[in-house]
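The numbers here are math on the coordinates, done by the rules we state, and not lab data. Remember, predicted model here, so these are calculated numbers, not experimental data. No Cβ is skipped: glycine too gets one built from the backbone with ideal geometry, and neighbour counts run over all protein chains shown.
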Amino acid sequence: MLMKENLVANWIWFFLFQTLPKQASAGTNWEYALKTHLLNVSRYDPGVRPVSDYFSPVNVFLNVALNQILNLDGRLQILHCSLYMRLKWKDNGLRWNASEFGGVDTIRLPSVAVWVPDITLYTDVRQDHHDVKRYNAIVSSDGSVAWNYPFIVRSSCNLNVEKFPFDEEKCILKFGSWTYDGHQVNVTNTYPSGDISGVVSNGEFDLLSMPATRNVLYYNCCDAPYPDVTFTIHMQRRSMYYMINLVVPCMLIVFVTSLSFYLPPESGEKVSLGVTVLLTLTVFLLLVAENTPPQSEVVPLISQYFLLAIILVSLSTAATVLVVNLHHKGLHGEKVPLWVRKVVLNGIGRLICKKKLVMEYSKMANCMDKAQYLNGSYIENEDGAPSLKRIRTRINTVKSGIILAAQNGSLITPKFSELACNHDKTHEDSLLDKTLVEIMNVLRGIEQRIIDEQKREEDRGEWRLVALVIDRFFLYLFMVATVAVTLWIVICVPCIFPSA
């Protein structure tokens, strides 16, 4: 029976060696024979590490070629990119003599049929894992195995958005064996950096570098080391998009706010402009919040600028309300307090180069202060305004003229003729004096109303001057604060001033 089995085996080997050369002329039989030889179940098991000594590790060399940065979700802090994984190791069970198989020194074998390391991306956040087993492994006659396959990565990335949108981000891709420790699979980076020579340009980020480092960690659960290879994708954000759509419009809006100080208070649009600008900046701040992670460790640079701009606009709106209130304060007949005159008109007014206007109003106020009543008559002002003394003189002149006209008979009015004829009589004289006194009282009342109106107008003008001085003071203060904030933001941008 044993001799019969040996005879059958010899016939099979004879048949193979007789037919393979004939099929080799067709060009595919050596590869098939080699595959059959290598993947023979009796000699090779893909579930067992390809080492002759159990205590010897399999040295796996890992390298990554970055193809494209697809997206960096700033709010979720997830990096989405395309990689080419490149793994190499030695498999002693996949060696052969190329001369025995028609000179075939390399062969492509299904990765499910050979042993492959379970290299895993530790920072992966995908729910559906990519099937990489469908990509073949390239095996050489000396037992070297190269396994290259594309890999779509969705990895967590801790962003530092302090300089947003002028920030530089570093996303870590950590690769290592999931089940083998360092005594069984020793993972090492092939090169000191990843391959970025064929990177497809990204519209949002510029790739700066991709260094690779090997780390060996020890966990509390196990005494064995766990090596990993970490690739750091170092990239810089292209800020032109945010400059055009956020930063520059914000700067223009803030500077437009200064125009509200040039609007006359009586127009009623000063406060409306400030509130409109405030709402606009709030919308811009919401747009920034949509592109940055909701974290409290740092506040983005652009958010700081928008926040300061909102504070400035809010203060300018409050200042505008104060100016409008002061402008209309004189309508109620309230006088400007002395301390307001000293602080605002004499102090701030001279400081902001409104000295000439302040002096003119001060001169008018002093003229009004010099006007006073003396012995029942109003002393004439320096500007020649009518006084009671002058009016009384004119009334006496009119009275003498009426008497003379009555004596000459030139008055056609019967009443005045009668008075002229009897002007020597005491009764008629008393009636005429009473009439003239009434006329003078009426004129005195008119004069007093004119004086009061002039005084109220002076008070209103003085309040308007106070409002004007404060308005200009807030304008200069707002402009200085705006320029200071803008310069501070510009200096903090490292891409403009690297020394900062």
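Numbers for the structure displayed
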item	result
Val125-Val483 FRET efficiency (beta carbon distance; Förster radius 41 Å; 0.05 resolution)	0.40
Förster radius 35 Å - calculated FRET efficiency between Val132 and Asn245 (Cβ-Cβ, nearest 0.05)	0.30
Over 28 Å between alpha carbons, listed pairs Lys88/Lys163; Lys270/Lys335; Lys133/Lys174; Lys163/Lys270	Lys88/Lys163; Lys163/Lys270
Rounded, prolate or oblate (a/c below 1.5 giving rounded, otherwise prolate when a/b exceeds b/c) for the stretch 38-238 by Cα gyration tensor	prolate
Förster radius 25 Å - calculated FRET efficiency between Ala146 and Asn215, Cβ distance, rounded to 0.05	0.55
Added length on full extension, which subtracts the Cα-Cα distance from 0.36 nm per residue, Tyr262 to Cys492	79.6 nm
In the stretch 50-109, the trypsin sites (Lys or Arg not before Pro) that fall in loop regions by DSSP, at most 15 other Cβ within 10 Å	Arg75, Arg95
